[in-house]
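Scroll down for the structure; my scribbles are underneath it.
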Amino acid sequence: MIILLTNDDGVRAPGLHALRSEMEAMRGAEVFVVAPDEERSCSGHGITIRRPLRVEEVHCPGSPSKIWAVSGTPADCTKIGVTKLLPKPPDLVVSGINRGPNLGADVLYSGTVAAAMEAVVLGIPAMAVSLDGYDDLDYGYTARFAAYLAEVIVARGACRSTLLNVNVPAVPPDLITGVAITRLGERRYNDEFERREDSDGGAYYFPTGGLLDAAVADGTDVAAVRDNKISITPIHLDLTAHWAVQEMCAWNIGLPGARRR
């Protein structure tokens, strides 16, 4: 089994290397790492098209895996890893372990999720893995769960048009209460910007907003993590609001100036 690992926290991030170490211990697994050369959190699904990508091999003492640092986005890493760097397409792409959660609308901004979604674009099963915390993190249990889930995905023949977005509570393993298959919940932010001035008197704006309290619906990823459950949310590429298609057909939108029936 060939596994491609990537992330958005950078090629030296501890979450990535906890994941690499656990995946390397899997029987029959051949692990490759292609990750950004520096942190690119919240980079979304951008790709690089107007400048060259620099790729540098990274040596990790004691690791049998090939590791590359890429001067691009997380989605770039998946794309160039699959199409150029690996000897053949991987059986699975795993993005993470992200420092901090990716819940609800976070998935629209997350480079972690974007790297996994790029695998889906390329027809490869994928998952994004995040740990719901920022300080004094122990990635060990999350890495072990990701390795277990990787074996399940490959054995089950997971749908190639869908990625699994995994969020693990940042609590001791004995406090985790189970695993929940969820839908995306709601996380809203206070988008505030503080005006500042540099040494030359030029104005700039620094984001200072934070997470707002919101109603937490049952069955969502937000509710699962709140209840100390591991959340697994299937996400796919089709963003169509299917419920609106038939309704909008009744609007009878035509060309400007044309007679409406």
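Only the coordinates and a few stated rules stand behind these numbers; no lab work does. Only a predicted model underlies this, so the values are computations on that prediction, with no experimental measurement involved. Cβ sites come from the backbone with ideal geometry, for glycine too, and all protein chains shown count toward neighbours.
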Shape descriptor, the stretch 63-128: equivalent ellipsoid semi-axes (Cα gyration tensor, sqrt 5λ, whole Å, largest first) stand at 20, 13, 11
Expressed in whole Å with the largest first, what are the equivalent ellipsoid semi-axes of the chain derived from the C-alpha gyration tensor as the square root of 5 times each eigenvalue?
31, 24, 23
Return the long-range amide H neighbours of Asp227 (sequence gap of 5 or more, or a different chain), with a cut-off of under 5 Å between placed amide H atoms.
none
Under 25 Å between C-alpha atoms is the cut-off here; go through the chain and count lysine pairs that meet it, provided they're at least eight residues apart or on different chains.
4
Take Lys84 and His59, extend 7 Å from each Cα along the Cα→Cβ direction, and tell me the distance between the two endpoints in nm.
2.4
Relative contact order, percent, of the stretch 164-244 when contacts are C-alpha pairs under 8 Å separated by at least 6 residues?
45
Please list, by residue number, every one of the GluC sites (Glu not before Pro) in the stretch 1-97 that is coil in DSSP and has at most 12 other beta-carbon atoms within 10 Å.
Glu38
Ignoring chymotrypsin sites (Phe, Trp or Tyr not before Pro) buried by more than 10 other Cβ within 10 Å or outside DSSP loops, the longest site-free run in the chain is 1-133
Diffusion constant of the stretch 171-248 at 10 °C, which comes from Stokes-Einstein with the Kirkwood Cα-pair radius and 1.306 mPa s, µm²/s:
97
The stretch 1-80 versus the stretch 147-163: alpha-carbon centroid distance in Å
20
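Tell me which trypsin sites (Lys or Arg not before Pro) from the stretch 138-187 have a DSSP coil assignment and no more than 14 other beta carbons within 10 Å of their own. Each step should come with its number before you reach the end.
Details: sites: Arg144, Arg156, Arg160, Arg183, Arg187; in loops: Arg160, Arg187.
Those that pass, being in a loop and sparsely packed, are Arg160.
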Quick query: amide H of Ala128 versus all other amide H atoms, modeled in the peptide plane; which residues come in under 5 Å with a sequence gap of 5 or more or a different chain?
Ser95, Leu164, Asn165, Val166
Footprinting proxy, Asp227, Asp135, Asp221: sorted fewest to most Cβ within 10 Å, the residues are Asp135, Asp227, Asp221
Give me a comma-separated list of calculated 3J(HN,Hα) values for the stretch 251-256, in order, Karplus coefficients 6.51, -1.76, 1.60 applied at θ = phi - 60°, integers in Hz, x for any Gly or Pro.
6, 6, 6, x, 6, x
Give me the distance in nm between label points sitting 7 Å out from Cα along the Cα-to-Cβ direction at Ile49 and Ala203, one decimal.
3.3
Sparse-neighbourhood loop hits (trypsin sites (Lys or Arg not before Pro), the stretch 1-103; DSSP loop; Cβ within 10 Å at most 11 others) -> Arg27, Arg50, Arg54
